[in-house]
Each structure stands twice: as C-alpha cells, then as structure tokens.
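These notes are about the structure you will find just below.
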C-alpha cells in the first residue's frame, strides 16, 4: 500500500520578500526570448533598409530606397498613363457629340470639375454660383452664349484679355463722363429697371417715358431696341431677372455712369486643350447649358 | 544575493495527450465535425440570385463592396448589421462564460478545434501517448525521421486546406479554385493562403497550448465574468483525498492516483491542483476519470463540472446544487436579455428595410439659383439603391397639385434607370415659378415621390426648398 501525502504545488518564489510580500517566479517560455531577439534583429535590419536615422541634412535613405514621395509620384504617373488615351481623345473631341454616360463624358466631367476647382472657382465660386461682377454659371442667362462651343471659346480666349488677340471684346462707354447728364442717366436707369421683372416695381415710373428716348438714342445699338441684349457683343439682356452687378438703383446708376469692364483671362496658353474641353463640358452641364 | 539566480525562462514541456473516450470527447468530435464542415464547405453552397448577381450563398465581395448571405444582401452603409452581429457574438461569449466558464475555449475556439485535429493526425501517425513519448526520446533514426516527415506533410496539407478555404469566402469558389490551380489567381489569394497555412501549421501543430497561455487575451478577460456560480471543471477533493493506489482503501479517498486525468489533458495540467489559468474546461479529464471510476466500481464524477459554491455545500454533506440554480441568476439573465434585444432589433431592422431605397441631398452651394424669367431653382442630388439583379426604373414626381416643376438631369420622362445592384445618382431640379409663395419664402417643406417603375411601390423624400427670403 502506498499512501503519499498530497503535495500542494506552490509556485517557486524569486526569493525576495518585502514586508511579507513575496514574488512568484513564473518563468516565461524560452521561445519568447528568441522572439524578442528576433525583433531586435528585425529592428536593426529595418533601420538599414528603410529611411530611419535622422542626420543633419535629413534621414538616412535606407538601401531599399523607399520613399513615400516617390510612391505618390509613381501612382500619379500610373494614373496619368491609364488616362492618357482618354486625355488624347478629349483634346480633339467634338464636345457636342459626347455621349452621356460614356467613359469619355465621365472623364471630361470629372476632369473638368478638378480644373474648375483649381482655376475658375476663385472668381466664379466653388459651386459656380458666381459673385458680384462674375457671372453665375448655373442659371440659363449667358452674356456671350451658353452653347458648348460658345463656352469653349470663352474659356480658351477669355473676355477682354490682353494676352489673346482672339479674345471676346466689347466695351460699354462710361456715360457719366461726357455723354449723358445726371438727369438723363437717372431717366435711362428708371427705364432699364422697368424692363426687368425683378426691378420694375422699384422703377421711378415718372422718368420711364423720357428714359425710353435716352435708351433708344444711346443704348439700343448694343442692348437692342427691346433691351434683350446682343450676345455677339456680350451685351446683357436687360429684360430678364438677372443683374450681374446688382439690381438696386445706385448700382445700376454707377454702371451706366462709369461703364463696367469685366475681364476673364484667356486660358488657351495656360491649360491644355483637353483641360479646356473638360472644363467647358463641366460648365455646360451645371444646369444652364444650351 | 544568497540564492542562485532563478531560471527566468523555461523550455516548453512537451505534452502528449492520451486518447480518451466518453461523453465530452464525443461532444467535442461532433462540434469539431460541425465547425470544420461549415468552415470548409460553406463557400461551396450555391444560391441563385439572377443573372447579374453572384450565385454563391456566402460571399464577401470586397471589390464591389457587397456582402451576400443567402437571401440577405448587405451594402456598406448597412454595416451596422455586422456590428450588431459582433455585439451579439460578444454578449453570447459573456453569457456562456458567466454560465459555464471557458466553454468557448474548450469546445469551439478555432485554436482548440484545429489543435484537436492536428493531435488526431499525430496520433494516427505516431501512435498514442506512450508511443509518442518514446518517439520523442528516441534518437533521430530512420523511423523517427519518417514519422515526423509524414506528420508534417499531413499537417501542411490541413494547413493549406484551411488557408485555401478562407479565400473562397471572398470570390466565386469554383472559379477561384480553377484560377488557383492554373496559377492565374490574384497574388493576394496566394499570399493569404500562404500566411494562413503558416499560422495554422504553427499555431495548431507546433505552438498549441502556448497560444492559449501566452498569446490569447481572452483567458485574462474571462475571469471578470466568472463568479462562484459559474460552472467550471473541478476535482472533488473532499471525496478523492487522501489519494493513493492499492486495494486496501480504508484510509484512502476515491482517487486511485492513476494519473489518467493528467495524461489526457491537452494543456498539460493536473486538475487535482484546483482550477488553473491554463484550464480550457474541455472536459476530457472528466471522461478519463469517469472511465476509471466505472472500472474500479465507484461512483462517477470525482472530476466534474462544478461551481465554486458547490464545494462548501458538498463538504457540509449536502447533495449537489441543481445546475439550473447555478444558471439562473441576474448576470446570466441580463446577458440573455441583452443578447435577445440586439437579436430582435437586428431581425426587425432587416425586415423593415425599405422596398424603395432612395436618398436625397439638397445642394447648398448655392442654396438657390435665379433663372432669367425670375423663377427660383433648387438642385438636389438624388440616389436610388437598386438591389435587383437587373436594370430597374424609378420615377420621380412631386405631390399632385404642386405649382412647382421638377426636372431630372438626363431624362425627359423623370425616370432614373439604375444599373443592376448599383446605387444610381442623378441631379434633380425643382423650379418655383416667379413671384410664387415658394419662391419668396426663405424655406418651405418639399416632398418628392419616387415610384418603383416595376412594382409600383412608392417612397417619399422629405426635404426643403430654399427661396429668396424676400
């Protein structure tokens, strides 16, 4: 018969004791230490292989030559390469023949959106809603025409641009200098306001009849006798609800007196043909294109 | 220091679990068969969804950002269903742990299941415990090398199958299998298989219990969910001690000190030392002990599923506390209720998904546009989510009798045709006539109706119309 006492296996202690508190010794598995050494070896290799140690003029380059900047550049080149065919097609494309939903159309719109945000949004606004003196591109009112080729010409050659001989050009005289008296200006402003549904309630009706005569003598050659304007000269339609500089009497008076002179740069030298086509297609589909 | 420095690091002591028969071993075989069967076969179940949708029952389509599960299709914006399932999995784990300790670890954890499988294969090739110990001590002769090579090859085959099965959840299984065999599959598929092969081989074959003891955080967290009613595995010390071998047992307890419980333990512990951190409560020691107790004509259950409370109770000479008394307590009832609550909420949510799933976002840059005739136009980005496997038309209208007009970019008929299994987006214009109340008001409510062009189901979108405010 073998009767043996139960040996309670207490873990060994490290031998330290402070105020009766002892520390158990639960040894870690040996492979943990090997993993630890392995991480040190890995760490040394990593600092040699990749950019790591800060020096005076920048970090060590690492023998693998890895660089996030170069990776981004590679990615950009890769996408440019993937888009090069569409880019070439777009440069010579007939915009009116772009098929809605086709790859080329999608590419044009997306590329145009980026171009617009970069080069056009400063004046026309990021949502293309324009600003005082800078036309709203979302509405259906166009100074020089809202068809695709009109927009394309405007983008390429600009308006009153000094850099481009083919730029769209016209100039409204400053009628306050010598042409018209203050009284005549007040009359013609009242007449102009009476034409637009937006301002006719505010027009001084007592001056309208005289204003009509001043208008016929001085303004109708560009703005037409009925005030509907002339796109070939960039002369705005005065009978619609849209006023580029503002629809109050003071603003309209100062426009007639001093003459507006809005300038848009010609983009043909600065943007590529495909970018010009892209941004034209983009603007055309914003809601007002003709 | 007076004492010589202790060993800070100890070599692993190899464990050779002995084969055992019994209730819990059978249960473990069944669970292993079920879990492995589901894992390996699930991607091969076919499910017809029509021409433009995948016909794999369970598919995580990363490229198209879709998750298919039989009749359910989940889009990325519905990821909360997955989050909900994870919450349920978490609560379920809490419930089982507080009720029955580490049952997850002992029966269903992949680490346990695959280790079990690897040990099974090892036993076929190298023999049972004693043969394996002998082989372990044996010199590297031809027999040992042969057996080790055969075993490693078998393990690698299992590991490759494990890694291979995983990738089938992410692509059409038959196509991917052909691509894998012919070498045309995506490099990511091969590298995933390689990584999972290595982890399966290493974790299940070599590292085994080391993963549970040193790598897994779950055993440490589990302690927080256990209390004195939690059923874990325990040795009835008051019945077994003093232990000893021999026929004359007048001074001895029921434990015959046969070490059967130690020999079968996959974690290499002696359950008679009490509940230990390493114990995964797999129940194999119960099977081993019961077998011996029956052989020597004693009552089963010297090692048993017991709660901490039972000890004092049984020592005082009482009968065992019924299991239900342990199970039914505020903690488990709370976990069950929370689990059910999330489950019911998810079920309701999945059946309450709208038939016509549409979105609208007013464009606020600018809020409105004045047109040349003085009318006011608002722009909206609308989207329709077409879950069908074919093109589907959706019509847009305003409430009858509205004085506003509506236009849809690219369509004269106000119809947006969504491609199969795609969210189609388009711009919608709403125009208020010049001088109308809507044009003048700062903002007014607007309701847009969307009609499913095939079924006629309707949904509405409530948004606002911004006017001039003067």
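Quick note: the coordinates plus some simple rules give every number you see, no bench work behind them. These numbers come from a predicted model, not from an experiment. Note that we place each Cβ from the backbone using ideal geometry, even for glycine, and neighbour counts take in every protein chain shown.
Table for the structure above
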read-out: Principal-axis tilt of helix A:148-157 within chain A, Cα atoms, nearest 10 degrees; value: 80
read-out: Sequence of A:245, B:465, B:79, B:203 once ranked by neighbouring C-beta atoms within 10 Å, starting from the fewest; value: B:79, A:245, B:203, B:465
read-out: Nearest-ten-degree value, helix B:173-182 long axis tilted from longest Cα axis of chain B; value: 70
read-out: Computed label-point distance, nm, for sites residue B:409 and residue B:316 using a 7 Å Cα→Cβ extension; value: 7.8
read-out: Three-way shape label, the stretch A:182-258, alpha-carbon gyration tensor, a/c 1.5; value: rounded
read-out: C-alpha long axis of helix B:110-126 to longest principal axis of chain B, angle in °; value: 40
read-out: Residues A:274, A:232, sorted so that the one with the fewest Cβ neighbours within 10 Å comes first; value: A:232, A:274
read-out: Euclidean distance between Cα centres, the stretch A:218-234 to the stretch A:134-178, Å; value: 14
read-out: Residue A:83 versus residue A:71: modelled label distance in nm, points set 7 Å from Cα along the beta carbon direction; value: 2.2
read-out: Per-residue [θ]222 nm for chain A (sum of -39500 (n - 2.57) over DSSP H runs n ≥ 4, rounded to 500); value: -13500 deg cm²/dmol
read-out: Exposure proxy order (Cβ contacts within 10 Å, fewest to most) of B:230, B:332, A:13; value: A:13, B:332, B:230
read-out: The stretch A:144-231: relative contact order in percent, alpha carbon pairs under 8 Å with at least 6 residues between; value: 18
read-out: Helical mean residue ellipticity (222 nm; -39500 (n - 2.57) per DSSP H run of 4+; nearest 500) of chain B; value: -12000 deg cm²/dmol
read-out: Stretchable slack from residue B:349 to residue B:194, in nm (0.36 nm times residue separation minus alpha-carbon distance); value: 51.9 nm
read-out: Residue with peak Gaussian network fluctuation, chain A [Cα springs, cutoff 10 Å], from A:183, A:258, A:12; value: A:12
read-out: Pair residue A:38, residue A:263: separation of 7 Å Cα→Cβ label points (nm); value: 7.0
read-out: The stretch B:229-321: C-alpha gyration tensor shape, a/c 1.5 cut-off, then a/b vs b/c; value: oblate
read-out: Backbone N under 17 Å from the residue B:373 label point (7 Å along Cα→Cβ), restricted to the stretch B:424-441; value: B:429-440
read-out: Fully extended contour minus Cα-Cα distance, from residue A:226 to residue A:170, at 0.36 nm per residue; value: 18.2 nm
read-out: Shielding by other protein chains, A:192-203, mean Cβ within 10 Å; value: 1
read-out: Inter-chain Cβ neighbour average for residues B:238-245, partner chain, 10 Å; value: 3
read-out: Extended-chain gain in nm, criterion 0.36 nm per residue less alpha-carbon gap, residue B:221 and residue B:397; value: 57.7 nm
read-out: Chain A, relative contact order in percent, only Cα pairs under 8 angstrom and at least six apart counted; value: 22
read-out: Length-normalised contact order for the stretch B:357-466 - Cα pairs under 8 Å, 6+ apart - percent; value: 30
